[in-house]
Every structure is written in structure tokens, then in C-alpha cells.
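The values are calculated or read from the model by the stated rules, or taken from the named source; none is laboratory data. Treat the numbers as computed from the prediction; the structure is a model and nothing was measured. So basically every Cβ, Gly included, is an ideal-geometry build from the backbone, and we count neighbours across all protein chains shown. Surface accessibility is based on the protein's heavy atoms, side chains included, excluding ligands, DNA and RNA. Shrake-Rupley method; radii C 1.70, N 1.55, O 1.52, S 1.80 Å.
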Protein chains: 2
Amino acid sequence: MKPNYKIAVLAGDGIGPEVMAACLEVLDACQQRFDFQLEYQHGDVGGCAIDNTGSPLPKQTLEICQQAHAILFGSVGGPKWEHLPPDQQPERGSLLPLRKHFGLFCNMRPARLVPSLQCACPLRADIAAKGFDIVVIRELTGGIYFGEKGRATHADNMEEAFDEQRYNQAEIARIARIAFETARARGNKRKVTSVDKANVLMTSMLWRETVNAISKDYPDIELEHIYIDNATMQLIKDPSQFDVLLCDNLFGDILSDECAMITGSMGLLPSASLNEKQFGLYEPAGGSAPDIAGKNIANPIAQVLSAAMMLRYSLNQNEAADAIELAVNKVIAKGQVTADLASNKIENSSPLSTSQVGTAIAQAILATA
Amino acid sequence: MKPNYKIAVLAGDGIGPEVMAACLEVLDACQQRFDFQLEYQHGDVGGCAIDNTGSPLPKQTLEICQQAHAILFGSVGGPKWEHLPPDQQPERGSLLPLRKHFGLFCNMRPARLVPSLQCACPLRADIAAKGFDIVVIRELTGGIYFGEKGRATHADNMEEAFDEQRYNQAEIARIARIAFETARARGNKRKVTSVDKANVLMTSMLWRETVNAISKDYPDIELEHIYIDNATMQLIKDPSQFDVLLCDNLFGDILSDECAMITGSMGLLPSASLNEKQFGLYEPAGGSAPDIAGKNIANPIAQVLSAAMMLRYSLNQNEAADAIELAVNKVIAKGQVTADLASNKIENSSPLSTSQVGTAIAQAILATA
Ligand SMILES: [Mg+2]
Ligand SMILES: [Mg+2]
């Protein structure tokens, strides 16, 4: 019998619903071509959930997620909800609790230069010509963002603030293992580059020691260490040298964005947040883009590639994941793209709508069957 | 009577002595053309000071610095001293105590794209063509590098480490003032971009508040705030949008290196570390390059531009500083450069030696007189 997977589909706000619709059309094509079934369970999340239920993550939505094999997330937020207090806003009020509830400690952000979009790369032509295919593995639940923090006024009326960064071996070891496993599964350069500032930070020294210890279990994977400041430089000088970048929460926040920028195509980037049981939340790396919402012009490819990551990392449907990624490459190469790519990046192409791109990818998947 | 300035000249190790010699030739030309006198007091520092006296910062050298109007620093360190314990090594044992002794809380790193070296810029041609002229103002004595840090083993044998970031209003206010003053003195875009992560860090919230408060004294200077992760992206997408970047210690460490990289010419970059009394230590942003030391091939321009910063910021000799910067532009445009620039960056030029470049810059200064 075909395996059957329950998918929590949380489209959210802004362009979320329309890119999700295109994405589901692609997933439907995968179900036709490959031997598995997906059962979509839709749930409200973010701003629209606040409007409908008063909460950015209603109890019912959390229950849908608990019963699912994976969460496919659109995007949340918009000017309508910006007046709310920080922890009631769509993003903090939905993504943070979901990460916490499911223990999603690993953020994974691939950044690949699509050959037909080389001219969009903001790096010098000879650097871009070498291409790159990087995945940033970021620790997501520890470090300075979640450490003790506070603020005090001293006797002389002087205000002072502090943030503490704290890591233990277990937190570092589990994210390091994912980095090595990922380098092995990708089978590209088979290299992990661990990012730290071990010349000054105590947490970085423990990070480096722990990563060195874990690397003993992966003799087939090369390990190198790099300081965060040098990493930001090397990503500009020659990104082709990297394969898997292993980072703590803060450094990963920085480098995943820098990697996104050097692809030149922010609308194409998927992301995954995983726990130790391969359960994950999959979402585009970009935002809800309220300015273009509802116009059927948003690029759905980041959402579609997020679904491919879901098939690969949570459902073990690698063939279907490969098929989606191949189909995406094809439609981009043919110029079947939305306005953000069509306008100035690919010659002789007039823009397609969000849904047309979804259909084109779905057809490319079925055509190859 | 001519003003007379005492300069502590600490050439140090590696290429330090040879680039310093070229630099002093340039300063001699300035003395000929302009109305001031420099009195050089040479002191041992770094590895050579360890060899000669047992200490990377001998008492005599510190005394020379105390009696000087400014410190002109070469570079320190090399493989010969790498076996030493961290705090006895040339760099940590000399630069950190000097910063501490003189309260050098402000690090200033200009990063400018030299028009004739545009092809060396690692950014896409159309981005490089817009040029950029940025100065990074980095808080140098606080933040996570100098906060409480430690390591502990818990009952279950689990190791844990922590680093604390702490800032108070006074520390932020004094560095913010320098940023606004610098934007005003430069008279370019008249803009300060303050870098933080105020959406998650308590220290960043205090940073932003304090910078906002100080900005009230500078109504002629535009202020914008940017998150560190977005800053690393914008520096790649369009560095021409920036003028003065104001950063804490960690974020400045990262961004000053990223800015250096996008110039494409790391051998050209000066730096200054200043206190509130305009006393400063001036040094090239690069290292001691032991691999090419003693060969008279190292690029002296970073050292020469550091001397120009010294004239501008500690000695108020702006005309002489301008003359050096102009002369440097001229010799580069004429291709009178060392091998690092000559080989593949400027067409039809055969490399000059370190001392030849120094002479060329000195002559250019005198020729314009
Ligand atoms: Mg980020
Ligand atoms: Mg640095």
C-alpha cells in the first residue's frame, strides 16, 4: 500500500495563500507520478489567525501540526498587525511557539546559484561563473538570542543592558551531527565548515572542541574551522569553496542571509526547521510581501522548493524531491518565471503569474514521468 | 614656529619594518611640503620585542608612546612566536595592552573603492561601477569580547560555556558621537547607519535608543538603523548606499572585514584606534605577512594611508592627509604599484618594490607642491 502522509498546511498571510496554492499543485503532480499520498490539513496561522480567533497560533492549528508528518508553512505578518505588542505579532506569536513545541533546533537554508540566473548574482562574473551550492545549518534554539538578558539603571542614572550567550556540549553535538549527515547525504564536496570566533569567545572554544569530537564519527567528511569575520569575506571572494556551513544561532542568522544575497534570487530560497525525529517545518526564506499580495504575481518557487525539502528530510521521498528541483531548474531555464526574475534577469521572457509558474513546474514533473 | 609632533614608530615584525620605512619617506615629504615637524621615536614591539627584551610591549616602548602625540604601528606576529601562550603572543601582548592603557575605544576602518582598481572589486561590475566610500566605526573595548565568560562541568559531566555581552549608555554614547562627527567631517552623504539586532538583543535595544538620543545633537546628519544580518546583505547588493557604519565590537569586527573584502584590495586598508582625546594608534588593517617579509615586495600603501589618518585625526594636519591620499590615488592610477596589485589588477604594469612605491608617493606629494 502507498504510504500516506498528513501535511499541516499553514498558508498564513500576504502572498502565503497564493504561493501555497501553486505549491500544492506541484505536490499533486508528485502524488500522480510517485507512489505516495499526501493528506493536506489546512490551519489558520499568523495575522489571519489573529483576525479569526484572536491568536496567531490557535489551539486547533497546533493540533493539526501535532497529528501531521510535517508542517508546510507559507508566511505570516503584514502592516495590519504591526501595532500589536512584539510577542503577539504574527511571526513571534506563531513561529517561535511552533519551534519551541516541536523542538525545532536545526535551521537549514540551502543557497545555490542557479546556472541560468548567474547574471543575477551580485558577485563579479568570474566568481559567479564558478557557481556554488551551499547549505547553512544554523542552531536555532540556543545562543545569545535565548540566553538570559536584562536591563538595569545604576545609581548614577546610567542605563546598562546585557545578553548572555550559553551553549552546552549536547546542544552543539546534535547540530554538528546534522551538519555532517547533511554533507554526507549531499555527496558534493563532503565538507563541513564550522563557523565560530574561538579566538575570543568561550562558547566558540567549546563549539570547536565539540565539533572536532563529533567529526571523529565522520572520517569521510572533511572538517574545517573558520572565524565568522573571515567567513563573511570568503563568501564574497569564493563561495564555491563551501559545502555545509555549521553555525550557532547568531552567526547562522548572519551567514544564511549573506548566502541568500549572493544567489541574487531571494525569491527562490527554501528553508527547513527540524528536530531530532526528522519532523520539520518548511517555509520560504523570504517574507509575506504584503505589497504584492493577492495579485498572483509572487514567485512561488521558494515555497515549492520548501516542499521538496519536506519530501527529502521529513518524508524520505528523495525521488520526488529530486523531480521537483529538476523541474524548477527547467522552468527557470525556459524563462517560465514570475516578474521578479523575468524583468531583468532572463532575456526574452515575459512574466508568468504565480499560478502559471506552479502549473509549469507541475507539468514539467509529469512530462518527465 | 612650526608645530612639532612626537610620533612613536613601532614597526614590529614581518613586513612591518619595510613598509614603515616607505611610510616614513612619505611623511618626510609631507614635512618638506607642509608646515610641521615630526620627531620619530622608534620602539620595539611584538615578536622582535620578545626576542630583544622578553616582553611584546617593553616598558621603554610604552614610555615612548606615553610621550608621543600618536602611535604609528606596523604589524606584529609570525610563526616564530606561535608556540607561546595566547596572552604572551605578539598581537595580544602588545595591541591589547596599548588599547587598554590609552583607552582606545574607537576603531575606525575606511573602505573605499579606488576607481582605477574597480576591476579588482569582487562585486558585479555594475555594482562596483557605482563605487563606495565607507568608514566603519567599531566599539573596541566592550561587548561580548570583553564581557564575563566562563566554562563549567555539570553533574552529568556535561560541559557548558558562556559569554556575556554588556553595554552601558556612556559606552554607546561616546562611540556614537564619533560616528556622527565623522559623518560631518567627511561631508559625503552625511549619513550614519547604526548596526544592531534590536529585534532580539537587549543590548541592541539600548544601543538603538542611545544612538537615537545622541543623533538629536546632529540634525544635519541622517541616521538609519539596520540589522546586522541585513547589513551583510546590503554591503553586497549596493555598498554605495553607506557612508558611516556605527557598530558594536562584534558586529564591527564582522563588517569591517566584509567592507575590506569588497574593496578587492586588502593591502590598501588603513585603520585607527582612538580615545576621547584624539590620541590614536594607526596601523594597516592587514597582517605581518611573514611569508613575504624582507623581500621588499610588500605593499606599503596601507601603512602610508594609516599615516594619513594619523595626520588627520590626531595631528589635525588635514591638508597633508589630503595630499597623501591624492598621491596614493595617482601612483595607483599610473600603475606604480607592488606585485599584489600589478600582477592581475592593473593592465600593462610591471611591479615596483616596496621602497619604490614609497618614493613614488613621496615624489607625487612634492611634485604637486
Ligand atoms: Mg537573518
Ligand atoms: Mg574582524
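For the reader, a short list of remarks on this structure follows.
- Over the protein assembly as shown, the fraction of Cα-Cα pairs per 20 Å bin, rounded to whole percents and listed from the shortest bin up, is 16, 47, 29, 7, 0.
- 1.4 Å probe accessible area per residue over chain A, in Å²: 39 Å²
- Mean Cβ neighbour count within 10 Å, used as a protection proxy, ranking A:78-89, B:177-188 highest first: B:177-188, A:78-89
- Shielding by partners, peptide A:197-205 (average Cβ within 10 angstrom, other chains): 6
- Mean residue ellipticity (222 nm) of chain B, computed from DSSP H runs ≥ 4 via -39,500 (n - 2.57), nearest 500: -13000 deg cm²/dmol
- Filtered trypsin sites (Lys or Arg not before Pro), segment B:139-173: DSSP coil and at most 16 other beta carbons within 10 Å: none
- For A:Q41, nonlocal amide neighbours, meaning residues 5 or more places apart or on other chains whose placed amide H falls under 5 Å from its own, are A:I7, A:A8, A:V9.
- Backbone phi angles across segment A:311-323, fed through the Karplus curve with coefficients 6.51, -1.76 and 1.60 (θ = phi - 60°), yield HN-Hα couplings of 4, 6, 8, 9, 10, 6, 9, 5, 4, 5, 4, 4, 4 Hz in residue order; Gly and Pro are listed as x.
- Radius ratio Rg over Rh of segment B:151-242, counting only Cα atoms, Kirkwood formula for Rh: 1.15
- Cα-only Debye scattering, segment A:274-368: base-10 log of I(q)/I(0) at q = 0.25 Å⁻¹: -1.27
- Relative contact order computed over chain A (Cα-Cα under 8 Å; 6+ residues apart), in percent: 22 percent
- Taken along the Cα-to-beta-carbon direction at a fixed 7 Å, the label points for A:E159 and B:E209 span 0.2 nm.
- Options B:N299, A:T153, B:C247, ranked by Cα towards positive dipole end of the protein assembly as shown, top entry (Cβ charges): B:N299
- Note on B:Q41 and B:L326: the extension gain reaches 99.9 nm, defined as 0.36 nm multiplied by sequence separation minus the Cα-Cα distance.
- The other copies place their B:D28 label points at 8.2 nm from this one, listed shortest first, where each point is 7 Å from Cα along Cα→Cβ.
- Backbone HN-Hα couplings from phi across segment A:140-149 [Karplus 6.51/-1.76/1.60, Hz, Gly and Pro as x]: 10, 10, x, x, 5, 5, 10, x, 4, 8
- Rg/Rh (Cα only; Kirkwood hydrodynamic radius) as it applies to segment B:1-151: 1.04
- Remark: mean inter-chain Cβ contacts per residue of B:256-268 equal 3, using a 10 Å Cβ-Cβ cutoff to other protein chain atoms.
- Cα pair distances of chain B binned at 10 Å [whole percent]: 5, 23, 32, 27, 11, 2, 0, 0
- Relative contact order %, segment A:169-229, counting alpha carbon pairs below 8 Å whose residues are six or more apart: 42 percent
- Net charge dipole, the protein assembly as shown: roughly 960 debye, given to the nearest 20, about the Cα centre with Cβ charges of +1 for Lys and Arg and -1 for Asp and Glu.
- For B:K80, the aspartates and glutamates whose Cα comes closer than 19 Å to its Cα, not counting residues fewer than 8 places off in the same chain, are B:D13, B:E18, B:D44, B:D51, B:E91, B:D291.
- Evaluated at q = 0.12, 0.16, 0.17, 0.21 Å⁻¹: base-10 log I(q)/I(0), Debye formula over Cα of segment A:70-222: -0.79, -1.14, -1.18, -1.27
- Cα-projected label distance for B:Q32 with A:H83, points at 7 Å along beta-carbon direction, nm: 7.1 nm
- If the Kirkwood radius is taken over C-alpha pairs of segment B:162-302, then at 4 °C and 1.567 mPa s the Stokes-Einstein diffusion coefficient equals 78 µm²/s.
- Taken over segment B:199-246, the percentage of Cα pairs per 10 Å bin, counting from 0 up to the bin with the maximum distance, is 21, 48, 30, 0.
- Normalised alpha carbon radius of gyration of segment A:232-321 [divisor 2.2 N^0.38 Å]: 1.21
- For B:138-146, mean number of other protein chain Cβ atoms within 10 Å: 2
- DSSP-defined antiparallel bridges as percent of all bridges, the protein assembly as shown, nearest 5: 50 percent
- With the cut-off at under 17 Å, measuring from each backbone N in segment A:239-266 to a point 7 Å along the Cα-to-Cβ line of A:D220 picks out A:244.
- Calculated P(r) tail over 13 Å for segment A:100-159, as whole % of Cα pairs: 75 percent
- Distances in nm from B:L84 to the matching label points in the other copies, shortest first (labels 7 Å along Cα to Cβ): 5.7
- Remark: relative contact order (segment A:257-339) = 27 percent; criterion is Cα-Cα distance under 8 angstrom and separation of 6 or more residues.
- Were the residues from B:E148 through B:N4 laid out at 0.36 nm apart, the gain over their Cα-Cα distance would be 47.6 nm.
- Sorted largest first, the principal axis extents computed over the alpha-carbon atoms of segment B:230-281 equal 37, 24, 19 Å.
- Set A:K100/A:K277; A:K100/A:K216; A:K149/B:K237; A:K2/A:K100; A:K334/B:K237 screened for pairs whose C-alpha atoms are more than 23 Å apart: A:K100/A:K216; A:K149/B:K237; A:K2/A:K100; A:K334/B:K237
- Counting from the shortest, the label point at B:R151, 7 Å from Cα toward Cβ, is 3.4 nm from the same position in each remaining copy.
- Table column - 3J(HN,Hα) (Hz), segment B:27-44, Karplus curve with 6.51, -1.76, 1.60, x for Gly and Pro: 5, 4, 4, 4, 5, 5, 7, 10, 9, 8, 10, 10, 10, 7, 10, 7, x, 6
- Separation of segment B:27-64 from segment A:131-180 is 42 Å, based on Cα centroids.
- Longest to shortest principal axis, alpha-carbon extents of segment B:1-43, angstrom: 38, 18, 6
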